[in-house]
Every structure is written in structure tokens, then in C-alpha cells.
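What follows is a short report on a single structure.
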Amino acid sequence: MDGNGRWAAAKGLPRLEGHRRGAERLIETIDSCIDLGVNTLTVFAFSAENWKRPPEEVSGLFKLGEWILRAHLARLERRNVRLRVIGELAALPEFVRKPLEEVIESSRNNTAFNLVVALNYGARQEIVSAAKAIAADAATGKISADDVSWSVLESHLQTAGMPDPDLIIRTSGEFRLSNFLLLQSAYAEIVFASVFWPDFTKDQLQLALAEYSKRERRYGMTHEQVQTTQP
Ligand code: FPP
């Protein structure tokens, strides 16, 4: 959800106002995804590297996170949305961690839509944790080195049990993945939108989906093979 700060600066507003507008845009985007038949949305809300920002911005972001969750909880419940978080939730302030944990638990059986919020998340950190867990299993003889496979590694990632992203959208004209889902995005299509996140409307989402639908996903095969293997 990149570009909140620049959106605010362009309008002569404080950065946090950009984040507030960005948080509202997120709620609208969840509705748009449900309307358009998307079943899982993962948003990068706070990276493991975002702690480097000024402390007022960091605490403002967490307050905003807690507020947006509380303000839209009934709506999320009504729309049968399941909330999950990836990242190190334990390091977040209790006032935001606790309500998040409560909603993760209370929405566990919701089935219409999966909202995954990456909070204090970094793909490299996630991979290191997975490697440590597998190494610990190897040290105690629970697994042998030869048994380590992609499916074993995948099952130790924070996204275990979730589908890999089909489409990654980066807003604000930046062309980077910035430590987001590095392994899970191996075959993701990437669309770069030039608008700042607060301006990422349903029309923008539809444009990104239209671009995605034009892509040919070959997974290492040739164009001809893909043509004959697809329905
Ligand atoms: C990136 O824009 C956006 C963020 C770092 C925060 C986005 C999070 C929300 C909108 C949701 C609410 C927050 C939480 C913690 C649940 P930027 O600040 O990098 O924009 P810039 O590149 O234009 O400065």
C-alpha cells in the first residue's frame, strides 16, 4: 500500500493523514475484491524495516490500525471475512496486538474472503525463522536433511496453508518487492500501478486484474505447451 506519504505531501497534509486515507482505501478495496471474485488479499501494512521511521509515525500507524479494525469490525464480520496476520505479531504494542488476536480467533470460521495483513513482516526474516525451525527438527532427528523439500520449507513459512499470490500489485510507481513474500511470489504476476495507494480505486483494481488476465503463466513451459494443457 505504497504512496500514502507522497499522497499527503502532494496535498500539503501530514503523512499520517495519508495513512488514514490509505486505511480507508484498504476497507474499500476489501469490498471491491469481494465484488470482483477475489478470495484472498494480502496487504503489506508494516514491514519489519518500517521501525526505522520516526517514532510518531510508527505509533500513529499502530493507533490507526487499531482504530480501523474497531471501526470496521462489524462490516468485516457481516461480509464473512477471515483475518490472518503474517509477521512477528508478538513485537507489536499490546493495544493493537490484542484486538488483532481476538479478531483472528473470532473470524477463524469465516469463509467468504481471506484478509491477510503483513505486520512487522519481512520475507528474509520469515525464511530465516523457517530455516531455524527445520534445523532444530533435524538436530533432534525429527527430519533428515534429505527429507527437506519445498513442501517442508513452505509448511514452515508464516503463509503455510495459504495460496501463493497470483498477482502482486505495487502502487506509487515503485518497481520493487521490498522484502514482500519473496518465496511465495516465485510465479506471481506483478503489476506496477503509478497511482499512490490512497488513489487506488476499484477502477484501478479492475485495470490491474485486466492486465493480469492478459498475462500467459507458463511455469517454465513453452507457449505451445501452455496452449495445449489449458482448458
Ligand atoms: C506505505 O506508504 C504505507 C505504510 C507503511 C503503511 C500502510 C498501512 C495502512 C494504510 C494500514 C493501517 C496500518 C496498520 C499498521 C494496520 P509510505 O508511507 O511508504 O508512502 P511514501 O512512500 O509515499 O512515503
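Within the range 185-231, the set of residues being among the small types (G, A, S) and surrounded by fewer than 10 Cβ atoms within 10 Å (Cβ to Cβ) comprises S213, G220. Residues of the range 144-176 that are assigned to a loop (DSSP other than H, G, I, E, B) and over 26 Å from R215 (Cα atoms): S144, V148, S149, H156, L157, Q158, A160.
Could you tell me whether S213 is of a type in the set (G, A, S) and in contact (Cβ under 8 Å) with a residue 60 or more places away in the chain?
no
Restricting the range 189-231 to residues that are of a type in the set (F, W, Y) and in a loop (DSSP other than H, G, I, E, B), which is nearest to L13 (Cα to Cα)? Quick ask: steps written out before the conclusion?
Residues of the range 189-231 that are of a type in the set (F, W, Y), as a first pass: 192, 196-197, 200, 212, 219.
Now narrow it down to the ones that are in a loop (DSSP other than H, G, I, E, B): 196, 200, 219.
Working: F196: 14, F200: 18, Y219: 44 Å.
Taking the candidates together, the pick is F196.
Which ranges mark the strands (runs of 3 or more DSSP E) fully within the range 29-143 that have 3 or more residues being touching a residue at least 60 places away in the same chain (Cβ under 8 Å) and open to solvent by less than 70 Å² (accessible area, probe 1.4 Å)? Step through it out loud before you land on a result.
On the way: elements: 40-47, 81-86, 113-121.
In the range 29-143, the matching strands (runs of 3 or more DSSP E) lie at 40-47, 113-121.
Taken over the range 1-55, the criterion of being more than 8 Å from the ligand (Cβ to nearest atom) and under 21 Å from D164 (Cβ atoms) is satisfied by T29, I30, C33, I34, L36, G37, V38, N39, T40, L41, T42, A48. Being within 13 Å of the ligand (Cβ to nearest atom) and hydroxyl-bearing (S, T, Y) holds for only one residue in S59, S107, and it is S59.
Looking only at the range 146-163, decide whether some residue is free of Cβ contacts under 8 Å to residues at least 40 places away in the same chain, surrounded by 15 or more Cβ atoms within 10 Å (Cβ to Cβ) and touching a strand residue (DSSP E or B) at 6+ places or on another chain (Cβ under 9 Å). Checked against the condition, which is being free of Cβ contacts under 8 Å to residues at least 40 places away in the same chain, surrounded by 15 or more Cβ atoms within 10 Å (Cβ to Cβ) and touching a strand residue (DSSP E or B) at 6+ places or on another chain (Cβ under 9 Å), the range 146-163 yields at least one hit.
The values are calculated or read from the model by the stated rules, or taken from the named source; none is laboratory data. Everything numeric here is computed off the predicted structure, so don't read it as measured data. Positions of Cβ are generated from backbone atoms using ideal geometry, with glycine treated the same way; all protein chains shown enter the neighbour counts. In case anyone asks, the SASA skips ligands and DNA or RNA and just uses the protein heavy atoms, side chains included. Shrake-Rupley method; radii C 1.70, N 1.55, O 1.52, S 1.80 Å.
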